[in-house]
Structure formats: C-alpha cells, structure tokens
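K.L.:
Dropping the structure in here first, questions after.
The values are calculated or read from the model by the stated rules, or taken from the named source; none is laboratory data. Since the model is a prediction, treat every value here as computed from it, not as a measurement. Quick reminder, even Gly has a Cβ in these numbers, built from the backbone with ideal geometry, and neighbours come from all protein chains shown. The protein model used for the area step is the full one, side chains on, heavy atoms only, and it has no ligands, DNA or RNA in it. Shrake-Rupley method; radii C 1.70, N 1.55, O 1.52, S 1.80 Å.
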Amino acid sequence: MPLGRETMQALMEFFAQQPLWLQSLIGLVLLALASLTVNYVLKHVILRVLAPYLDTKTKTSDKAAAWLATAAPLLVISRGIRLVPNLPEEVYTVITNVAQALIVVSIAMGVVKALTYANELYERLPRSRNRPIKGFVQVVKILVLCGAAIVMISVLIDESPFLLLSGLGAITAVLLLVFKDTILSLVASVQLTSNDMLRVGDWITMPSMDADGDVIDISLHTVKVQNFDKTITTIPTHRLVSDAFQNWRGMAESGGRRIKRSITIDQNSVCFLSDEQVLGLKKFRILKPYLAAKRDEIKNWNTRELSSEEAVPVNARRLTNLGTMRAYMQAYISWHPQIGDDFLMMVRQLPSGPQGVPLEIYCFTNTTAWEQYEGIQADIFDHLIAILPEFGLRVFQEPTGGDFAALVRGA
C-alpha cells in the first residue's frame, strides 16, 4: 500500500511538471478512454450477456437497450470534463451542455424504440387486427421527440425548459399550420379505431384514390392498400373519414358472396307453351314440381273462371316459356350445392327494353374466395345460356359482322 501511495504521488508530481497544454491533452485522452470503456462494457459485455434473455423474435428491444446504454458514456463525459485541468470555462460549458443534450437524445430514442417494441408485442395478440394502436404509438413518439427537442434546446442554451414552453403560445398558429396533417390524421385514427371502420387485412374499394385491394398497414398519417395488381396505394388517413370508401369485411365475415347478374332474353322468342312442349319439359327433374303445381293451378282457374263457351286458348291461362325458364333458373340455383341456403335467393324479371327482357339471378355463393366465386358464377350462366333453346328462347345479342354477312349472302 505505501508503494501504491508513493507511485501515485510520483505520477501526480510528474503530471504537475508537464506543460499546461499537455496536462489538458492527457486529461482529455483519459476521459475519452473512460467513456469508451464504459460504452464497450455496457454494449459488448453486459448487453451480450443479457441478449439470450431478451426477445429473440425482434431486434427492437436490443436497439432500445443500446440507445439507453449510450447515455452512460455521455454521462461520464458530462461529469468528468470538470476533472480535466486548464481548460477555459467556455469549453467546460460547451462540452457539458452538448453531452447533456446528447443524453436527452439517447434517452428519447430509447423510449421511441421501446414504444415500437411495445407495438410489436401488441401486434402479436389476436385482438390487434381489430384494434391497431400503431397510430396512437406514433402520436406518443411525436410527443416524446418534441419534448426531447425542447429539453435539448434548453440544455444547449443553458435556460429553463419552462422558459421555452412559455413562448409556445406565441407560435401556436404556426405549430397548428405545420402539424395540420398530423392533427387531422390523429382525429381520423381515433374515429377509424373507435368505430371499427378499418382493420389490417380488410378489402376496401376507394375509387377517388384508385384503391381496390387489401389493407396492409395502418399508421398515423397513411394507410397502405395493396391493390389486386400488386401495386401499393398510399391513402392519407384523414381521407378515409372525409371521403367515402367501401369495406368488404361484412361480405367476408358473412361467408357468402353475392351473385347479381342477368340474362337478356330476345322478346321475339317469348311465347305460350303447347301441350307437346310442356310434355317435353317434364323430362327436367327439377322442373317437375313446378309444372305439376302450375298444371293444377291453371286447370282449376280455367274451370272456375271460364264457361264452356269461353274455354278457348285466347281466354285461358297458359304457361309461357319465359315464365317456365324463370322457374327453372330458380329451381337450379336452389339445387346448386355451392349456393348458400341461408341467404336471399331469387330470380326476377326486370323491365324490358330495347335489348330484350332481363332475367336476373340474385343469390349468394357459399364461399368468399374470389377464384371459386368467379368459377361458380361462370358455371351457372354457362349452363343457363346453353339450355335456353330447350325452352324455345334466344339470348338477345346485337347484330355482328357475321350476321350482316349472312344477310348479304341470303339476299
């Protein structure tokens, strides 16, 4: 121990005998080494030892810890600069203030990374799809960074942060103008979340923004939609509140997707069915109940309402090929195994026009998958169009070049 004291005293005497500039240089070098040592121990020793105990699914927690650890070597500089001799007072002040400002930045960045990690943990929960908090986390990040900026400026100019805050009232209008989009987006995010208007994974259609696809990200300022052509449309969050958009989530949750399509029948092909034609249509199994019921209904009506003198075809009720086709379409979609029985199902005749008489199918498939839905719809109308001649009906179609060529050849 006496040797240690003597050695230390000798070193101090040697240090005191050096020129003033060399004393300052040695002090700065020792301070830098101490700071680097603290930084190395924290980041390359302690954090590596703790790494297996941190979340291995993400690096965000590691980054948050690294930013917080950065404050320690800066604190060494802030406190240790006063031990360096022979420096001007202005140098002490500048280095201390800059080090303290950087401490504020490192702590603020650590808090920001911690908030990001908290959002990542929340997104792993099932309820995060219905209630995302990313927008609120971004608001808190903005508040943290704004607060850090105020504290950092106050440290650099060596004034109280309350003095800076007292002057904010004079620049409120400027701040409102600068952060106009942020304020609008914050209000919109609250409305979207509280009213459950939008979730990640929802299929939305927004013609005003040329968006038609799945929501892949909801943040404070923007909502990203991946369109079906794999392009990305970025929509300002506040536009989803001020403008109209269509959310297809209800269709997906219902388990069925609507078919609403019509076949246009040529009006010139509509006629009454003869007994021979009715007999031929009885071969359709799904039409047998309809034909039997209609036969009894028409027979009873004609017997009850018409006398023997009036019982002529022009006065009697008869089946039409159009009405029978409509009944066949109704029976066909009712029988179809891929049409949902729990939804509204009907075939209706729309008002006739220059293009003929539309027969519209209104029903729902038992799947919401796009490819399957289109396949089911196409199969149904393939069959119905192909079977129209069995009823003596024709699909209306505008004349084509082939029609005019045939007309010319016939002439």
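K.L.:
Could you please let me know if residue 364 is surrounded by 12 or more Cβ atoms within 10 Å (Cβ to Cβ) and either in a strand (DSSP E or B) or hydroxyl-bearing (Ser, Thr, Tyr) (or both)? Outline the logic, then answer.
P.N.:
Details: surrounded by 12 or more Cβ atoms within 10 Å (Cβ to Cβ): yes; either in a strand (DSSP E or B) or hydroxyl-bearing (Ser, Thr, Tyr) (or both): yes.
So residue 364 passes the test.
K.L.:
Report yes if some residue within the stretch 192-209 is over 29 Å from residue 143 (Cα atoms), at pLDDT 75 or above, open to solvent by 60 Å² or more (accessible area, probe 1.4 Å) and of a type outside the set (A, V, I, L, M, F, W, C); otherwise report no.
P.N.:
yes
K.L.:
Next up: The conditions are (1) of a type outside the set (D, E, K, R); (2) in contact (Cβ under 8 Å) with a residue 24 or more places away in the chain; (3) more than 27 Å from residue 216 (Cα to Cα), and residue 114 fails exactly one of them. Which is it?
P.N.:
That leaves (3) as the condition not met.
K.L.:
For the stretch 88-133, which residues satisfy the criterion of being charged (D, E, K, R) and crowded, with 19+ Cβ neighbours inside 10 Å?
P.N.:
First, pick out the residues of the stretch 88-133 that are charged (D, E, K, R): 89-90, 113, 120, 123-124, 127, 129, 131.
Matches in the stretch 88-133: 113 only.
K.L.:
Still on this structure, I have one more. Of everything in the stretch 313-340, what is under 28 Å from residue 364 (Cα atoms), outside any helix (DSSP H, G or I) and among the β-branched types (Val, Ile, Thr)? Give them in sequence order.
P.N.:
Filtering the stretch 313-340 down to residues under 28 Å from residue 364 (Cα atoms) leaves 320-340.
Checking which are outside any helix (DSSP H, G or I) leaves us with 320, 336-340.
Once the filter is applied, which keeps residues that are under 28 Å from residue 364 (Cα atoms), outside any helix (DSSP H, G or I) and among the β-branched types (Val, Ile, Thr), the stretch 313-340 yields 320, 339.
K.L.:
Sticking with this one: Considering 332, 328, 373, which residue is under 30 Å from residue 203 (Cα atoms) and modelled with pLDDT of 90 or more?
P.N.:
On the way: 332 fails: under 30 Å from residue 203 (Cα atoms); 328 fails: under 30 Å from residue 203 (Cα atoms).
Only one candidate passes the filter, namely 373.
K.L.:
Please specify each residue of the stretch 251-276 satisfying the condition of being in a strand (DSSP E or B) and open to solvent by less than 60 Å² (accessible area, probe 1.4 Å).
P.N.:
Within the stretch 251-276, the subset in a strand (DSSP E or B) is 257-265, 272.
Selection gives 257, 259, 262, 263, 264, 265.
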